[in-house]
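Since the structure comes first, as C-alpha cells, the remarks are kept for the end.
None of the figures in this text is laboratory data; all of them are computed from the coordinates on show. This is a predicted model, so every value here is computed, not measured. Methodologically, a virtual Cβ is constructed for each residue, glycine included, from the backbone with ideal geometry; neighbour enumeration extends over all protein chains shown.
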Amino acid sequence: MATPISIAAAQMTVCDRWEDNLNTCHTLAKDAAKQQASAILLPENFAFFAQNLDKRLAMSEALDASTIGPVQQALKHIAQDTGLWIIAGGMRERHPTEQHVIPQKTYNTCVVLSPQGQLIQTYRKVHLFDLDIPNKVSFKESSTTLPGNQSAVVDLPFGRIGLSICYDLRFPEYYRQLSREGAQIILVPASFSAHTGAAHWHTLLRARAIENQCYVVAAAQTGYIDESMETYGHSLIVDPWGEIIAEKKEGVGIVTATIDLEHLNTVRTNMPCLEHRVF
C-alpha cells in the first residue's frame, strides 16, 4: 500500500511570453516542494497561449527528438530542481514526421516527468473543444490540433494515474476506461471557459470522482489568457467519495491535498460499485 502523499494543482494565467509562463511554473513547483508535495499538476496550455496561430505552431516541439525543445528543457530543470514529479497538461507536440518543420496542426499533449527529469508517459488529448456560443465563447481547437486516439495510465510511486485534458471531462466513457485500466488518481489539466466552468466544472469533476471512486486532481487556467478567452479557475482536488478537499477559486498559485489510497480502498470496499459493473 502506497504511503499517503501530498499532490499540488497549479493555477495560472498564461500569456504569449513562454519564458514568463515557464518561470511561473518553476515558482509554483518550488511552492509545492516547500509544502512537501510529491507531485505537481500544471494546467492545459501551461507554457504558451496566443491568438496568433503561427506563434502557437512555431512553439510546438517533438517529444521523441534527439534534441529537446525549450519547454521540455524547462520542465526537466524544474523537476530536477524541486525533486517533484511533474505532470504538465497540454503542450503543443509536433507529429513525429514533422520534427524539423513548423506543422499545420499539432497534438495537445500531457507529459509526465520523473523527479530526475525523465519523460515517463504522454497522453494526446482525444476530445477536441469546438464550441460557438454567440456573445459567450467561440473556439475551434480542431482547426490547429490533431486528436489523440488512446487513453493513458501510468504507475507512479504513489498510485496508478489516469491522464486526461480539459474537454475530455465531458465524456464519462473515457474516465470509465481509465478506471478499467486501474486508475486510482485521475488528473484533469484544463483551460475551462468562465461561462461553461461556472455551469458545470464542479459537477463534472465530482461526478467523475464518484463514478470511478478515484481521486480527481484538476489544475486550471484563471482569468483572461487573451482578450477573447476568459477562464474559470477553481483548481480543485476531489476525493473518491466526491468531497472537494481542496480548492483555489481564483488567482495564480497552488492548492494541495493528501492522496490516501487506504481511504480510496475503504470507499471502494464499502460501496463496491466497480465490482457490480455490468457494462
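Laid out as a table, the results:
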item	result
Lysine pairs in the chain with Cα atoms under 29 Å, if 8 or more residues apart or on separate chains	28
Estimated D of the range 125-279 in µm² per second, where Rh is the Kirkwood radius over Cα pairs and Stokes-Einstein applies at 10 °C, 1.306 mPa s	98
Distance in nm between pseudo-label sites at residue 34 and residue 54 (7 Å out along the Cβ direction from Cα)	4.1
Alpha carbon convex hull of the range 77-169, projected area averaged over orientations, nm²	7.8
For peptides 153-166, 10-23, sequence by mean Cβ density within 10 Å, most packed first	153-166, 10-23
Stokes-Einstein D (µm²/s) once Rh is taken as the Kirkwood radius of the chain over alpha-carbon pairs, at 10 °C in 1.306 mPa s	86
Taking the C-alpha atoms of the range 6-54, convex hull volume expressed per residue in Å³	63
Centroid-to-centroid separation of the range 70-92 and the range 160-229 [C-alpha atoms, Å]	21
